[in-house]
Amino acid sequence: MEAITTEDLVVNGIRFPAVAHDEESLRYVQHEFQVRDDDVFNVTYPKSGTTWMQEILTLINSKGDLSLYKSSPNWDRVPWVEQKTGRGNLESRPSPRLITSHLPVHMFPKSFFGSKAKLIYTVRNPKDACVSLFFYCQIAEFLKTTENFGDFYSLFMKGDVIYGSWFDHVSGWLSLKDQTNILLMSYEGMLQDPRGSIVKLCNFLGRDLDDVAIDTVVENTSFKNLKNNQMSNYTLVPNEFIDQRKGSFFRKGISGDWKNYFTVAQSEEFDKIFEEKMKNFNLKERFGW
Ligand code: A3P
């Protein structure tokens with residue numbers, strides 16, 4: 001990472017943390033990056049279960065072998081394609097590559113479309129994602145923040161936060177959800193049934209894990225175990241970038257925490273906008289939000 005700044009890079013009207021992105025890497029990823037048929041992508045809007053999925057994919061890939069999980073940080077095991085550090089690094093990796101992205105669909109590598117690569121898109125109740133992002137901005141020194149949640153809520157609703165509007169991100173990706181190489185997962189579904197979710201992922205990825213290996217994946221990707229794993233919990237990142245003296249990256253790991261932060265008026269306004277913008281997707285019914 002370079003010198004710390006809270007000035008975001010703005011491309012296509014979307015904010016990206018300048019500490020890890022530049023225009024050239026975003027252009028390169030979209031137009032030149034070569035997706036391979038055996039790539040596996042972990043795509044999310046921020047704070048929707050990205051790290052959790054990075055760990056699950058690592059352990060599915062290793063059939064429950066914990067060596068990499070214990071020796072290499074998640075950002076290196078399942079790196080972000082759009083970050084400056086991704087360029088050159090991913091190209092030289094052996095297959096099958098595990099790759100993370102927060103990109104909206106219209107900025108995603110063009111070579112993915114038409115490839116056989118598999119992509120998992122994880123959604124989370126946006127009210128919880130909003131609260132989680134508010135707290136993340138308090139500890140991520142390279143991100144702009146607001147003192148109180150109310151002001152942050154207003155930015156979130158305008159899409160004036162990193163990776164842009166939740167509504168645009170999710171509706172963009174969900175428009176592709178019926179493609180056979182895309183699997184839609186939810187944070188809440190993973191919380192409710194971690195084992196079933198991992199089995200579903202194995203089936204989608206065509207990975208054959210026995211019961212013992214599945215149990216190892218479930219156990220080692222629990223909130224508690226990830227929070228305690230130095231290679232998962234971002235404590236290797238210096239405090240000048242992510243200051244966990246102010247709060248933990250693995251904060252609560254629950255659903256419904258938004259009720260402690262949204263006012264009734266904010267929640268009602270949110271619901272109205274959600275109904276309008278997401279009416280085609282049946283998300284509340286599907287995921288129990
Ligand atoms: P909270 O801030 O609500 O606790 P991301 O990895 O996309 O940045 O998302 C981070 C959020 O996922 C945080 O939410 C974090 O605690 C939660 N999380 C990570 N691993 C989890 C797990 N195994 N179970 C439940 N929540 C988890």
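Residue check: is L201 more than 16 Å from the ligand (Cβ to nearest atom), of a type in the set (A, V, I, L, M, F, W, C), open to solvent by less than 30 Å² (accessible area, probe 1.4 Å) and closer than 21 Å to N61 by Cα? Even if it seems obvious, please write down each step before you answer.
On the way: more than 16 Å from the ligand (Cβ to nearest atom): no; of a type in the set (A, V, I, L, M, F, W, C): yes; open to solvent by less than 30 Å² (accessible area, probe 1.4 Å): yes; closer than 21 Å to N61 by Cα: yes.
No.
Going through segment 62-93 one residue at a time, which ones are closer than 30 Å to S171 by Cβ, away from the ligand (no atom under 15 Å from the Cβ) and crowded, with 17+ Cβ neighbours inside 10 Å? Within segment 62-93, V81, K84, G86, R87, L90 meet the criteria. Among the residues of segment 205-228, none qualifies, meaning not one is more than 16 Å from the ligand (Cβ to nearest atom), at pLDDT below 95 and farther than 25 Å from F134 by Cβ. Selection of first residues in segment 21-40 that are in contact (Cβ under 8 Å) with a residue 60 or more places away in the chain and among the polar types (S, T, N, Q) and of second residues that are part of a helix (DSSP H, G or I) and open to solvent by 10 Å² or more (accessible area, probe 1.4 Å), restricted to Cβ pairs under 7 Å at least 6 apart or on distinct chains, gives the following pairs, ordered by first then second residue: S25/K84; Q30/K110; Q34/S111.
Considering segment 208-235, the residues that are closer than 30 Å to K144 by Cα and part of a helix (DSSP H, G or I) include one that is least open to solvent (accessible area, probe 1.4 Å), namely L226. Reported count of residues in segment 24-53, each being in a helix (DSSP H, G or I) and in contact with a strand residue (DSSP E or B) (Cβ under 6 Å, 6 or more places away or on another chain), is 3. Only one of the numbered conditions (1) assigned to a helix (DSSP H, G or I); (2) touching a helix residue (DSSP H, G or I) at 6+ places or on another chain (Cβ under 7 Å); (3) surrounded by fewer than 19 Cβ atoms within 10 Å (Cβ to Cβ) is violated by T58, and that is (3).
Check whether at least one residue in segment 26-40 is farther than 22 Å from R207 by Cβ, among the charged types (D, E, K, R) and open to solvent by 40 Å² or more (accessible area, probe 1.4 Å), and report yes or no. Don't jump to the end; show me each part of the working.
Keep residues of segment 26-40 that are farther than 22 Å from R207 by Cβ, which gives 26-34.
Narrowing the set further to residues that are among the charged types (D, E, K, R) leaves 27, 32.
Restricting the remaining residues to those that are open to solvent by 40 Å² or more (accessible area, probe 1.4 Å) gives 27, 32.
Yes; the residues of segment 26-40 include at least one that is farther than 22 Å from R207 by Cβ, among the charged types (D, E, K, R) and open to solvent by 40 Å² or more (accessible area, probe 1.4 Å).
Return the total of residues in segment 236-270 being more than 14 Å from the ligand (Cβ to nearest atom), assigned to a loop (DSSP other than H, G, I, E, B) and open to solvent by 60 Å² or more (accessible area, probe 1.4 Å).
Step one: of segment 236-270, the residues more than 14 Å from the ligand (Cβ to nearest atom) are 236, 238-241, 243, 245, 263-270.
Filter again for assigned to a loop (DSSP other than H, G, I, E, B), leaving 236, 238-241, 243, 245, 263.
Imposing the further condition that a residue be open to solvent by 60 Å² or more (accessible area, probe 1.4 Å) reduces the set to 236, 238-240, 245, 263.
Going through segment 236-270 one residue at a time, the tally reaches 6.
Can you tell me which residue within segment 258-272, out of those that are among the hydrophobic types (A, V, I, L, M, F, W, C) and touching a residue at least 40 places away in the same chain (Cβ under 8 Å), is farthest from F134 (Cα to Cα)? That would be F270. Report yes if some residue within segment 190-198 is open to solvent by 20 Å² or more (accessible area, probe 1.4 Å), polar (S, T, N, Q) and more than 26 Å from L9 (Cβ to Cβ); otherwise report no. Within segment 190-198 (the criterion being open to solvent by 20 Å² or more (accessible area, probe 1.4 Å), polar (S, T, N, Q) and more than 26 Å from L9 (Cβ to Cβ)), the answer is yes, since at least one residue qualifies.
Here are some residues: S62, S101, S95. Which one is free of Cβ contacts under 8 Å to residues at least 60 places away in the same chain and touching an Asp or Glu at 6+ places or on another chain (Cβ under 8 Å)?
Numbers: S62 fails: touching an Asp or Glu at 6+ places or on another chain (Cβ under 8 Å); S101 fails: free of Cβ contacts under 8 Å to residues at least 60 places away in the same chain.
The unique qualifying residue is S95.
Considering the conditions (1) touching a Gly at 6+ places or on another chain (Cβ under 8 Å); (2) free of Cβ contacts under 8 Å to residues at least 12 places away in the same chain; (3) within 16 Å of the ligand (Cβ to nearest atom), D193 is excluded by exactly one of them, (1).
Residues of segment 178-194 that are in a helix (DSSP H, G or I) and more than 20 Å from the chain's Cα centre (by Cα): none at all.
The values are calculated or read from the model by the stated rules, or taken from the named source; none is laboratory data. Quick caveat: nothing in here was measured; it's all calculated off a predicted structure. Heads up, the Cβs are rebuilt from the backbone with ideal geometry, glycines too, and the neighbour counts pull from every protein chain shown. What goes into the accessible areas is simple: the full protein's heavy atoms, side chains included, and nothing from ligands, DNA or RNA. Shrake-Rupley method; radii C 1.70, N 1.55, O 1.52, S 1.80 Å.
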